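The values are calculated or read from the model by the stated rules, or taken from the named source; none is laboratory data. Nothing here was measured: the structure is a model prediction, and the numbers come from that model. Cβ coordinates were reconstructed from backbone atoms using ideal geometry, including for glycine residues, and neighbour counts include every protein chain displayed.
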Amino acid sequence: MKLIISLVSAVHGVTFTLAILYFRYSRRAKKDPTSSDSEKFLTVSYQSLLKATDGFSSANLIGMGSFGSVYKGVLERAETTIAIKVLNLVHRGAYKSFTAECVALKNIRHRNLVKVLSACSGSDYQGNDFKALIYEFMVNGSLDEWLHPTQKIGEINERPKSLTFCERLNIVIEVAMALDYLHHHCETAIVHCDLKPSNILLDEDMVGHVGDFGLARFLIKPFENSSAYQSSSIGVRGTIGYTPPEYGMGHEVWTQGDVYSYGILLLEMFTGKRPTDDMFQGTSNLHGFVKEALPDQVIEIVDPVLVQEKVDREMSSANNRLNEDSKRAHINIEESWISVLEIGVACSAELPRERLDITDAMAEMCRIRNKLRANKICQ
């Protein structure tokens, strides 16, 4: 009797254990994000992309990059407007760029990064290699188009694009949030390596998204307990004007390189001047131009669009009898210009040890915005 009871108990125990394991495995499989409908990539072919863009017509061309062209298209089956980056595989580094971007974007998710929807790798109708990346379409285009608008055919009577001070502040904070995520909150730190206005895209709500990871590099720690990083690969490291000086001397790619690019981007956003402007010759540059003018001559270096916005606000307040709160608000705007540009100067310092960490820069920018919100200048 004891033997029978022991055998029955053992069988029941094994059955119960197997049942629990099967139940847990089933639940895990159902929750697996890779099998979720919302996370599945779109299935696209060369034929579907050809149809979506009317044969990659120039009418649908919305941008040109270092390694290819970007087209706007509509996938009929999914009824989705998309942006399609077609790699120019004749260009040296295009294959590596395609691979780098696929790997970088495969496992990262952040509200301020451009979302990749799919990739297409195959052949065209002539048998040539074809590679393309499919992104979420950004209605308001690139930041570069807003900072340096050019009038196009058919836009004669349209109001030129311009960004308010608060819109610029929001965008530059959103870019900092994206970089902070890439540098400090990914399983492996990622350096963007090509941060510039044309790689910042704006959605319908004017929210900034960092895109184009064709030059992105993964950073790996040489030793488990090391605080230092080394780049997983070498090669092209950015765009002239935005690339940190140490890269020109053979320094490995690192997060402080992105911080430098962020500082230059910030200075460009609030002065309206490109780092490659003709006024910067010899040893003069955007960083030095701003640093020399701060703080007393800030009104002379800020983007004229922002100066006019401030004047319009003052005139509006004057018509409504300027009170003490309004006077304080105007002082706060000028103080905020100085604070923002000082952060840009600190991030773009020539010596890496003098640069801010992106987390600290983001915190300082948020503090400035919170102060403006408290004074009802920004929303």
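Taken residue by residue, the range 130-149 has no member that is basic (Lys, Arg) and either assigned to a loop (DSSP other than H, G, I, E, B) or under 18 Å from the mean Cα position of the chain (by Cα) (or both). Taken together, the residues in the range 361-373 that are over 18 Å from residue 164 (Cα atoms) and without any contact (Cβ under 8 Å) to a residue 60 or more places away in the chain amount to 3. For the range 91-106, the set of residues classified as free of Cβ contacts under 8 Å to residues at least 60 places away in the same chain and assigned to a helix (DSSP H, G or I) consists of 94, 95, 99, 102, 106, listed by residue number.
Per this entry, residue 119 is counted among residues that are farther than 24 Å from residue 367 by Cβ and either in contact with a Cys (Cβ under 7 Å, 6 or more places away or on another chain) or assigned by TED's automatic domain parsing to the domain that holds residue 339 (or both).
Yes/no matrix, rows are residues, columns are (1) part of a loop (DSSP other than H, G, I, E, B); (2) out of contact with any helix residue (DSSP H, G or I) (no Cβ under 6 Å at 6 or more places or on another chain); (3) outside the structural domain of residue 197 (by TED's automatic domain parsing); (4) at pLDDT 70 or above:
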| residue | (1), (2), (3), (4) |
| --- | --- |
| 6 | no, yes, yes, yes |
| 17 | no, yes, yes, yes |
| 27 | no, yes, yes, no |
| 77 | yes, yes, yes, no |
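Each residue in the range 280-291 was checked for being of a type outside the set (S, T, N, Q) and surrounded by fewer than 11 Cβ atoms within 10 Å (Cβ to Cβ), and 1 pass. On inspection, residue 117 qualifies as within 23 Å of residue 51 (Cα to Cα), part of a strand (DSSP E or B) and at pLDDT 80 or above. Quick one: is residue 121 touching a Gly at 6+ places or on another chain (Cβ under 8 Å), more than 24 Å from residue 145 (Cβ to Cβ) and exposed (fewer than 15 other Cβ atoms within 10 Å of the Cβ)? Spelling it out, it is not the case that residue 121 is touching a Gly at 6+ places or on another chain (Cβ under 8 Å), more than 24 Å from residue 145 (Cβ to Cβ) and exposed (fewer than 15 other Cβ atoms within 10 Å of the Cβ).
Inspection of the range 177-190 identifies no residue that is crowded, with 16+ Cβ neighbours inside 10 Å, among the β-branched types (Val, Ile, Thr), part of a helix (DSSP H, G or I) and in the same structural domain as residue 363 (by TED's automatic domain parsing). Taking the range 292-317 as the range and being out of contact with any Gly (no Cβ under 9 Å at 6 or more places or on another chain), outside any helix (DSSP H, G or I) and surrounded by 12 or more Cβ atoms within 10 Å (Cβ to Cβ) as the test, the residues that pass are 294, 295. Screening residue 366 with (1) of a type outside the set (Ser, Thr, Tyr); (2) modelled with pLDDT under 95; (3) part of a helix (DSSP H, G or I) gives one miss only, at (2). Looking only at the range 92-105, decide whether some residue is at positive phi and either at pLDDT below 80 or of a type in the set (Gly, Ala, Ser) (or both). Among the residues of the range 92-105, at least one is at positive phi and either at pLDDT below 80 or of a type in the set (Gly, Ala, Ser) (or both), which makes the answer yes. Kindly indicate the residue of the range 237-280 that is of a type in the set (Gly, Ala, Ser) and more than 24 Å from residue 310 (Cα to Cα) and also modelled with the lowest pLDDT among those meeting that condition. Filtering the range 237-280 for residues that are of a type in the set (Gly, Ala, Ser) and more than 24 Å from residue 310 (Cα to Cα), the one modelled with the lowest pLDDT comes out as 238.
You will find that of 343, 333, the residue that is within 18 Å of residue 272 (Cβ to Cβ), modelled with pLDDT of 95 or more, touching a helix residue (DSSP H, G or I) at 6+ places or on another chain (Cβ under 7 Å) and part of a helix (DSSP H, G or I) is 343 and no other. So, of the residues in the range 247-277 that are outside any helix (DSSP H, G or I) and in contact with an Asp or Glu (Cβ under 7 Å, 6 or more places away or on another chain), which turns out to be surrounded by the most Cβ atoms within 10 Å (Cβ to Cβ)? Ranking the candidates gives 275 first.
So that you can scan it fast, the table gives a plain yes or no per residue for (1) within 21 Å of residue 255 (Cα to Cα); (2) assigned by TED's automatic domain parsing to the domain that holds residue 267; (3) surrounded by 15 or more Cβ atoms within 10 Å (Cβ to Cβ):
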site: 332; (1), (2), (3): no, yes, yes
site: 337; (1), (2), (3): no, yes, yes
site: 343; (1), (2), (3): yes, yes, yes
site: 346; (1), (2), (3): yes, yes, yes
site: 350; (1), (2), (3): yes, yes, no
site: 355; (1), (2), (3): yes, yes, yes
site: 361; (1), (2), (3): yes, yes, yes
site: 366; (1), (2), (3): yes, yes, no
